[in-house]
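Structure, as structure tokens:
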């Protein structure tokens, strides 16, 4: 990881100047109105408190109106002899003399109280935090385990993590990005486990993000933006993030997004699920092997079929030769065009199904899978064998637990098909070698992407392609770069000679 210490200053909000508020109430209110361009939902309530004029300023669409009335305005009216800080029953309260800080506080859902002939203002946090209910993510459902998921509220997402990791070493660092949007995000890690250099590298990369608006920072901080493979794990499951934090990884939570980024990560992490640690190890090992097989099938099966029928027909078993020949007899297109047309049609159906409401998308899947498939075969546009090959490829690609990895694998199948149509099996071998070399060269925040196979780390193999019993997994994966490698000590000490 880079040791460059010349970090640029985070320029979030740098469009503002630095000035203090006036001691004149009306001047302060006028300045606020000008700064917020006389927005219609900017409200000013003028009151008298202890024979002094005060102005309560807030953005009506961002605050809890009932809290403002009952815990601030009514309390001020009923207790004129106390100070405002003693009067209001709001926990999150502070004072500020910075006009810029006050404007930022207003757009984040705070109420601000200006007092005539006073050079400081009181900021009260009464932000309205509306969000959907906590429920299991649709894209990461599990059979066993927790049934909750992250939502779009930063504070709620951090709460879900703290409820799982009751550890004073769990560190949450807030960062604000976006010159115009002032988007909040949190860097989360366990200080006693996470590597200090890893945390510094994450902070260093984030510090370089200088844009007007931020919603997803993944492409800003990943090692290789031109790689088809995702280099950070994106998940909406708190239990999965918690497990990665306890391995020594770092998580980034962005306000307004239910997806959390986890780094560093390896290729094999995308073929693991939460259920892998809630089920018996033999079953888990079998399904992990099936997922690895699905990766190989989805990336190479169409290309292999094209190479066999175009250049290496003699390799096909004699029992299948007559069936394959008869299916190709009346097809006017070469195998490459067949495969491309079916793969593109499948991608169009998948994209359409994602955008449509659930009942319609299910109908579209039936229509696309049965009607279109049957029609193109009966019209002699696509061979029966090609339809079977594409169907198996589609099922294999959907077996990837991570949708982003599944999409990457499907896209990599296209250049392999062209290579197979050009020089047959030799083209497939060259294409797979290029992909393998790329996987071995790729890194995720200083961690080899194809670890523990390249470089080979035998001890880490116990939780990659297969999984050993939980009590044998006493070390954290070295790919997470943890401070402490040992995570457990003889958890089955009660049973001798095992």
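Observations on the structure shown:
- Check on residue 131, buried (at least 17 other Cβ atoms within 10 Å of the Cβ) and over 23 Å from residue 48 (Cβ atoms): no
- Verdict on residue 266 being out of contact with any helix residue (DSSP H, G or I) (no Cβ under 7 Å at 6 or more places or on another chain) and crowded, with 19+ Cβ neighbours inside 10 Å: no
- A single entry from 461, 439, 411, 453 fulfils the requirement of being modelled with pLDDT of 90 or more and touching a helix residue (DSSP H, G or I) at 6+ places or on another chain (Cβ under 7 Å): 439.
- Helices (runs of 4 or more DSSP H) fully within segment 69-183 that include at least 3 residues being touching a strand residue (DSSP E or B) at 6+ places or on another chain (Cβ under 7 Å), under 25 Å from residue 402 (Cβ atoms) and in the same structural domain as residue 45 (by TED's automatic domain parsing): none found.
- For segment 252-275, the tally of residues that are outside any loop (DSSP other than H, G, I, E, B) and under 22 Å from residue 400 (Cα atoms) stands at 11.
- Of all residues in segment 17-53, those being exposed (fewer than 12 other Cβ atoms within 10 Å of the Cβ), in the same structural domain as residue 112 (by TED's automatic domain parsing) and assigned to a loop (DSSP other than H, G, I, E, B) number 5.
- Flag for residue 327 being closer than 24 Å to residue 423 by Cα and at pLDDT below 85: yes
- Just one of (1) out of contact with any helix residue (DSSP H, G or I) (no Cβ under 8 Å at 6 or more places or on another chain); (2) crowded, with 21+ Cβ neighbours inside 10 Å fails for residue 192. It is (2).
- Selection count, segment 72-108, where residues are touching a helix residue (DSSP H, G or I) at 6+ places or on another chain (Cβ under 6 Å), closer than 18 Å to residue 46 by Cα and exposed (fewer than 13 other Cβ atoms within 10 Å of the Cβ): 0
- Residues being farther than 19 Å from residue 438 by Cα, more than 12 Å from the chain's Cα centre (by Cα) and in a loop (DSSP other than H, G, I, E, B) - total across segment 219-251: 3
- Count of segment 298-322 residues which are assigned to a helix (DSSP H, G or I) and out of contact with any helix residue (DSSP H, G or I) (no Cβ under 7 Å at 6 or more places or on another chain): 7
- Residue match in segment 191-206 (condition: part of a loop (DSSP other than H, G, I, E, B) and within 16 Å of the chain's Cα centre (by Cα)): no
- The set of residues in segment 145-156 being exposed (fewer than 15 other Cβ atoms within 10 Å of the Cβ) and in contact with a helix residue (DSSP H, G or I) (Cβ under 6 Å, 6 or more places away or on another chain) is empty.
The values are calculated or read from the model by the stated rules, or taken from the named source; none is laboratory data. This structure is a prediction, so every number in the text was calculated from the model and none was measured. A quick note on method: Cβ atoms are made from the backbone with ideal geometry, for glycine too, and the neighbour counts reach across all protein chains shown.
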